[in-house]
Every structure is written in structure tokens, then in C-alpha cells.
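J.: Structure in C-alpha cells, see below.
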Amino acid sequence: MNGLQIEQIKSIRNELTRFMMMYKFALDAMETRVEILKEEFHLLHDYNPIEHTKSRVKSPESIIKKLYRKGFDISLPSIKENIKDIAGFRITCSFISDIYRIHDMLKSQHDLIILETKDYIQEPKPNGYQSLHLLVEVPVFMSDRQERVCIEIQIRTIAMDFWASLEHKIYYKYNESVPPSLLAELKEAADSAAKLDLKMEQLHKEVEVIKEAHEGLQENELKQIIINKQQFQLPAALLELLTDGKG
């Protein structure tokens, strides 16, 4: 191997390394954004909709196999153009409403570009799979330039995530040739998980109503004083003065 060939190999290696680094950096950037949202909810709100997150970057071998399977050229431009799930980021929530709440928060971040949305919650897959999928372009700032990198974001509830993990393990065990009886049971389990999500969403809303009513009672109590077991309403002017003084 001559010097020119060695330099060519080094160049290809460095190009591939830089290419894959971009996806890792995009996931790091997304993780930071979500951590900021979690911290904000922790400090300013009583409830954090984000349970946990998980990320992964496809291996080069997996990327090449997908290119072959789909009949695309084997090149870096072809990978960037045709393989949109090289970087995957998963957000797990407690309730269905949290999923759309987080979607709206990400959508409001103007430097993120949502390229595509697939709602498998409103329209589940035939096997029962549910999740909200987003293809998002994330800005990555390098020393000499800015790149926009596409990542796939999946947002789902704990129940959806548990079912999807189980389904993946079963498909892996049977090498994607799952017996029909087991497929039927998986679909039944997916339906049960969906019912559980709806029930938990209902309970969550009922708790919120009770909480708001309790907070309303506390607010009324603050406007009253009790002397010798008698309640007296504080004058509005005094309440306004006290409020202004706290501000």
C-alpha cells in the first residue's frame, strides 16, 4: 500500500467519522433541550410530563444493510438523503396528553424544523403499535460551519413503550417469523395497553379538577381572617396593597 492509498483511506475514514459525529452531536443537542424543559417544569410547575429519554445512533453496518434493502447507492450523500432514522431519540411520558404537549413545545422552538409527523396514536398500526413519530432537523454548530441534521423523535407513554419493547423482543426471538397466534395475542395486549392509557388519562384529568378546586379554596382562605371563630373578609383595597407590596 503506497502513501497515496494510505492518505485516501485516512480521508475516507475522517469523512465517515465526521458524518457519524454529526448525528451524535444532534442527539446531544436534543438531550440538552429536553433536560432544560424537564428542569423548567421541575422548578416552575408541580408536574413534569417527561418521564425519561433514550437515544441511539445506527451502526454503519445497519445503515449499509438498509441501503442495500431499499436499493439505494452506497455513499454518504445517499445515506443523508434516504436514511432518516440514523439518529433516534425517544421521549417517554405518563399520559397521552403529555405527548401532544411535548410536541407543541418542540414545535415552538423556531430553530427546529419538523419535516414530517406520523401519528400512530390517532391511527395505530395494524399490529396495535402506537407512538408519535417526528422527523426533525436539528442545528449542529461545528468549529467551521453549521449543519442541519435529521433525527427521528418518538414520543410515547410508558404503556406504549412497554408494549413496543415486548413486541421487538418477540420479533427478534422469532427472526420476524412470529406465529399467528402470538401476533393475535400481541394485538390484544396492544388494545389493553391503549385502554389503560385512556383510563389513566381520565384519572389524571379528575385529579387536576380536584387540585384546581383545592387551590381555589386555599385562595379564598387567604382572603379571610378568623377572630373568635368568626370569619371576616379582607377588604379588596388591603389585598391589593399586600399584593403590590409582595411584588
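J.: I'm checking a number: the convex hull volume of the Cα atoms of region 14-110, normalised per residue, in Å³. What is it?
T.: It is 123 Å³ per residue.
J.: Expressed in whole Å with the largest first, what are the equivalent ellipsoid semi-axes of region 108-178 derived from the C-alpha gyration tensor as the square root of 5 times each eigenvalue?
T.: Equivalent-ellipsoid dimensions as semi-axes: 31, 16, 10 Å.
J.: When ligands, DNA and RNA are left out and all protein chains stay put, how many square angstrom of accessible area per residue does region 1-140 have with a 1.4 Å probe?
T.: Working: 8260 Å² over 140 residues.
Solvent-accessible surface per residue comes out at 59 Å².
J.: How do S55, S78 stack up against each other in accessible area, from largest to smallest, with a 1.4 angstrom probe?
T.: Ranked from most to least accessible, the order is S55, S78.
J.: Here's something else I'd like to know. Mind listing which trypsin sites (Lys or Arg not before Pro) in region 54-146 are in a DSSP loop and have 16 or fewer other Cβ atoms within 10 Å?
T.: K84, R145
J.: How many percent of the alpha carbon pairs in region 66-135 exceed a separation of 13 Å?
T.: Percentage above 13 Å: 74.
J.: Just the accessible area for D73, please: 1.4 Å probe, Å², rounded to the nearest 10?
T.: 110 Å²
J.: Tell me, what HN-Hα J-couplings in whole Hz come from the Karplus equation 6.51 cos²θ - 1.76 cosθ + 1.60 at θ = phi - 60° for each residue of region 49-54, using x for Gly and Pro?
T.: Per residue, the Karplus-derived 3J(HN,Hα) values read x, 9, 7, 6, 10, 8 Hz.
J.: Need one value: the accessible area of M21 in square angstrom, 1.4 angstrom probe, rounded to the nearest 10.
T.: We get 70 Å² for M21.
J.: Can you send over the carbon and sulfur percentage of the accessible area for region 13-52, probe radius 1.4 Å, protein chains only?
T.: Numbers: 1400 of 2480 Å².
Percent of accessible area from carbon and sulfur atoms in region 13-52: 57.
J.: Measure off, as a whole percent, the carbon and sulfur share of the 1.4 Å-probe accessible area of region 69-214, all protein chains present.
T.: On the way: 4830 of 8640 Å².
Its accessible area is 56 percent carbon and sulfur atoms.
J.: Starting from the residue with the highest accessible area, list T53, T32 in decreasing order, probe 1.4 Å.
T.: On the way: T53 35, T32 80 Å².
Per-residue accessible area, sorted high to low, gives T32, T53.
J.: Mind checking Rg over Rh on region 57-204, alpha carbons, Kirkwood formula for Rh?
T.: 1.02
The values are calculated or read from the model by the stated rules, or taken from the named source; none is laboratory data. Owing to the predicted nature of the structure, the values given are computational and were not obtained by experimental measurement. A quick note on method: Cβ atoms are made from the backbone with ideal geometry, for glycine too, and the neighbour counts reach across all protein chains shown. In case anyone asks, the SASA skips ligands and DNA or RNA and just uses the protein heavy atoms, side chains included. Shrake-Rupley method; radii C 1.70, N 1.55, O 1.52, S 1.80 Å.
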